[in-house]
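The values are calculated or read from the model by the stated rules, or taken from the named source; none is laboratory data. Since the model is a prediction, treat every value here as computed from it, not as a measurement. Cβ placement follows ideal geometry from the backbone for every residue including glycine, while neighbour counts extend to all protein chains displayed.
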Amino acid sequence: MELSENAITVLRKRYLLKDAAGNIIETPEEMFMRVARHIAGAEEIHGNTVDYWAEKYFNIMTDLKFLPNSPALMNAGKSIGQLAACFVLPVEDSMESIFDTLNNAALILQSGGGTGFSFSRLRPKSDIVHSTGSMASGPVSFMKVYNAATDVIKQSGTRRGANMGILRVDHPDILDFIRIKRISGELENFNISVAITDTFMDALKNDGEYELLNPRTDRKYKSIKAKTVFDEIVASAWETGDPGLLFIDVINRSNPTPHIGKIESTNPCGEQPLLPYEACLLGSMNLGRYIIKKGAAKKIDWDALSDDINTAVRFLDDSIDVNKYPVPDIEIMHKNNRKIGLGVMGWADMLIMLEIPYNSKKAFGLAEKIMKFISGKARQCSAGLAEERGVFPNFTGSIYDSAGAPRVRNATTTTIAPTGTLSIIADCSGGIEPLFSLAYKRLVLEMELAEINKHFFETARKLGFYSEELKEAVLKKGTLRGLSSVPAEIRRLYKTALEINYKDHIEMQASFQKHTDNAVSKTINMPHGAKKRDVADAFLLAYEKGCKGLTVFRCGGGKKGTFVNLNIT
């Protein structure tokens, strides 16, 4: 196993075991074996050989072909034992529920997980509180309480907590919610998203009004122009990067267990819609590791990818059985639905190695093809596990409980996560994002790490256009824009995030979403000069394309931090 300097730095900072004095007491290889043996311990429950699967899990991780979400690397084999990254907790309209949920959230955040909440059930500000005769302060005020609590919780001693706050677009306090991030310093431990309904989108399309509903009474509060609310969303997203949009009705149309409840929220990065008290274990395949040479050409090694998907799905399902849950209700819910989320990283690397520009029809087509392949194999493996171990307990009444549907072990099997620190460990591009820059510095775990794209300089030397002057120019600019010494086809191949039109970003997200059970984490980067009209058009296009949500970030225009993409999965 060869690890980059940045990978070793991140592992030493966050993942490797330390003694009471803070001294590191394991190597990266020992860390991976610790994780592999702990997860493979589940095989004993099912009458299988632990050593065999421990070796399989160890090999796929040390080959940097697959990595589980960060809590699994941090906590497997330790007393804390909490392995999941994604959680959603309910917030009901009572003081008891609000603070019980905050207590549960503290336990989750402390164990390394990220938490999502819908505050849509809370009565609006100035509504009556009959038990005291006072006036309600509204959901935004309680979000501030959650934010302050999160601010003092260090996750696993190395990072601050991350939250997702959701409010339905038909809540009476929606405008206060939309505008909150425009105030400097507010809700810095939250990403926020508006839960957008089909009713709202229809009203927006027809330039009409829609009803705001008081969640306490479920009665009409007032009607409001959809465009008024949409314009406020656009203005805040353009200025700060928040709120994102969560197309809640689209999400619930693919809810695998509608008989158990409706999905109201997601994890902090938005890729994992979950029912109240649900959790999910994530892992990602490093696509750049599945490129092989066939003659002079480079091809995808579909056979190797297929074999490793089987190992990865089994790893994630085993993780559910050995996980130590911070809250009993979460253990019940997760084991009843057994949701896992296998995704990808290294997508931009794969495209570069195959000489396919990121923003091309060929790339969009390959995205759909490879995710269809991964989804199909993952579900096939889940069905195989169901034959061995049984279907998930909430199977009866689920979308799979019908003639011709597969009998599966897991209610969901695929998710596209951002893979922030995981991609540093694997030395690959993050999630399905394009290259951010060919050379830049990123802040990770309160450390500044230099990132230099290895593929470009290797290509420059191979094709004979490398020079020290070119190297200095690339290190200074971070892009190939305007560098005429670089062939045009190479400039197209190495386009960075801000050089790619937002429509192509969304097309890539939509291509992966077509064959992803859960959702897709993707940042739609826009240059500083982007207009509010561009943000509005991006939101509308994402809905039209069938995306489950969207986050837009205008370079140099936002106050939103990058803690989520760098620290969660």
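Taking the criterion of being surrounded by 14 or more Cβ atoms within 10 Å (Cβ to Cβ) and in a strand (DSSP E or B), the residues of the stretch 212-231 that qualify are Leu212, Leu213, Asn214, Tyr221, Ile224, Lys225. Residue count for the stretch 1-59, restricted to those that are farther than 23 Å from Glu387 by Cα, more than 28 Å from the chain's Cα centre (by Cα) and of a type in the set (A, V, I, L, M): 4. Residue-level check: of (1) surrounded by fewer than 24 Cβ atoms within 10 Å (Cβ to Cβ); (2) in contact (Cβ under 8 Å) with a residue 12 or more places away in the chain; (3) aliphatic (A, V, I, L, M), Ala297 misses just (2). For the stretch 184-235, name all the residues that are touching a residue at least 60 places away in the same chain (Cβ under 8 Å) and out of contact with any Lys or Arg (no Cβ under 9 Å at 6 or more places or on another chain). Correct list: Ser193, Met201, Tyr221, Val229, Phe230, Ile233.
State yes or no: is Met164 closer than 20 Å to Ile98 by Cα, in contact (Cβ under 8 Å) with a residue 12 or more places away in the chain and touching a Phe, Trp or Tyr at 6+ places or on another chain (Cβ under 9 Å)? Yes; evaluated as a whole, the condition is true for this residue.
Cβ-Cβ distances below 6 Å connect the following pairs, each with a first residue in the stretch 533-548 that is under 19 Å from Lys514 (Cβ atoms), a second residue that is part of a loop (DSSP other than H, G, I, E, B) and not β-branched (Val, Ile, Thr), and a separation of six or more residues or different chains: Lys548/Ala519. When the stretch 372-400 is limited to residues that are exposed (fewer than 15 other Cβ atoms within 10 Å of the Cβ) and over 27 Å from the mean Cα position of the chain (by Cα), the one that is nearest to Ser254 (Cα to Cα) turns out to be Gly397.
Could you please let me know if Ala510 is of a type in the set (Gly, Ala, Ser), surrounded by fewer than 22 Cβ atoms within 10 Å (Cβ to Cβ), at pLDDT 95 or above and within 16 Å of Leu246 (Cβ to Cβ)?
Against the criterion (of a type in the set (Gly, Ala, Ser), surrounded by fewer than 22 Cβ atoms within 10 Å (Cβ to Cβ), at pLDDT 95 or above and within 16 Å of Leu246 (Cβ to Cβ)), Ala510 qualifies.
Among the residues of the stretch 306-323, those identified as in contact (Cβ under 8 Å) with a residue 60 or more places away in the chain and more than 22 Å from the chain's Cα centre (by Cα) are Ser306, Asp321, Val322. From the list Arg179, Arg168, the one residue that fits, being of a type in the set (Lys, Arg), within 24 Å of Ala417 (Cα to Cα) and in contact with an Asp or Glu (Cβ under 9 Å, 6 or more places away or on another chain), is Arg168. From the list Ser485, Ser511, the one residue that fits, being under 27 Å from Lys377 (Cβ atoms) and among the small types (Gly, Ala, Ser), is Ser511. Of the helices (runs of 4 or more DSSP H) lying entirely inside the stretch 293-366, those containing at least 2 residues that are of a type in the set (Val, Ile, Thr) are 302-322, 328-337. No other residue among Thr158, Thr132 is modelled with pLDDT under 95, over 30 Å from Leu16 (Cα atoms) and polar (S, T, N, Q) apart from Thr132. Filtered by the rule that a residue be β-branched (Val, Ile, Thr) and either more than 24 Å from Trp238 (Cα to Cα) or not in a loop (DSSP other than H, G, I, E, B) (or both), the stretch 181-211 gives Ile192, Val194, Ile196, Thr199. Does any residue of the stretch 144-151 turn out to be at pLDDT below 95, closer than 14 Å to Gly116 by Cα and in a loop (DSSP other than H, G, I, E, B)? For the stretch 144-151, residues at pLDDT below 95, closer than 14 Å to Gly116 by Cα and in a loop (DSSP other than H, G, I, E, B): absent.
For Gly22, which of the numbered conditions (1) of a type outside the set (A, V, I, L, M, F, W, C); (2) assigned to a loop (DSSP other than H, G, I, E, B); (3) in contact with a Phe, Trp or Tyr (Cβ under 6 Å, 6 or more places away or on another chain) fails to hold? Going through (1) of a type outside the set (A, V, I, L, M, F, W, C); (2) assigned to a loop (DSSP other than H, G, I, E, B); (3) in contact with a Phe, Trp or Tyr (Cβ under 6 Å, 6 or more places away or on another chain) one by one, Gly22 breaks only (3). One residue stands out among those in the stretch 96-120 that are of a type in the set (A, V, I, L, M, F, W, C), more than 20 Å from the chain's Cα centre (by Cα) and at pLDDT 95 or above: the one that is surrounded by the most Cβ atoms within 10 Å (Cβ to Cβ), which is Phe119.
Inspect all residues belonging to the stretch 376-390 and state whether any of them is part of a loop (DSSP other than H, G, I, E, B) and either hydrophobic (A, V, I, L, M, F, W, C) or touching a Lys or Arg at 6+ places or on another chain (Cβ under 7 Å) (or both). Checking the stretch 376-390: not a single residue is part of a loop (DSSP other than H, G, I, E, B) and either hydrophobic (A, V, I, L, M, F, W, C) or touching a Lys or Arg at 6+ places or on another chain (Cβ under 7 Å) (or both). Of everything in the stretch 522-563 that is modelled with pLDDT under 85 and out of contact with any helix residue (DSSP H, G or I) (no Cβ under 8 Å at 6 or more places or on another chain), the residue that is surrounded by the fewest Cβ atoms within 10 Å (Cβ to Cβ) is Gly556.
The single residue among Glu30, Glu26, Glu2 that is modelled with pLDDT under 95 and either in contact with a Pro (Cβ under 6 Å, 6 or more places away or on another chain) or surrounded by fewer than 18 Cβ atoms within 10 Å (Cβ to Cβ) (or both) turns out to be Glu2. Residues that are under 21 Å from Cys547 (Cβ atoms), in a strand (DSSP E or B) and of a type outside the set (Val, Ile, Thr) within the stretch 232-290 comprise Gly244, Leu245, Leu246, Phe247, Ser265, Pro273, Leu274, Cys280, Leu282, Ser284, listed in sequence order.
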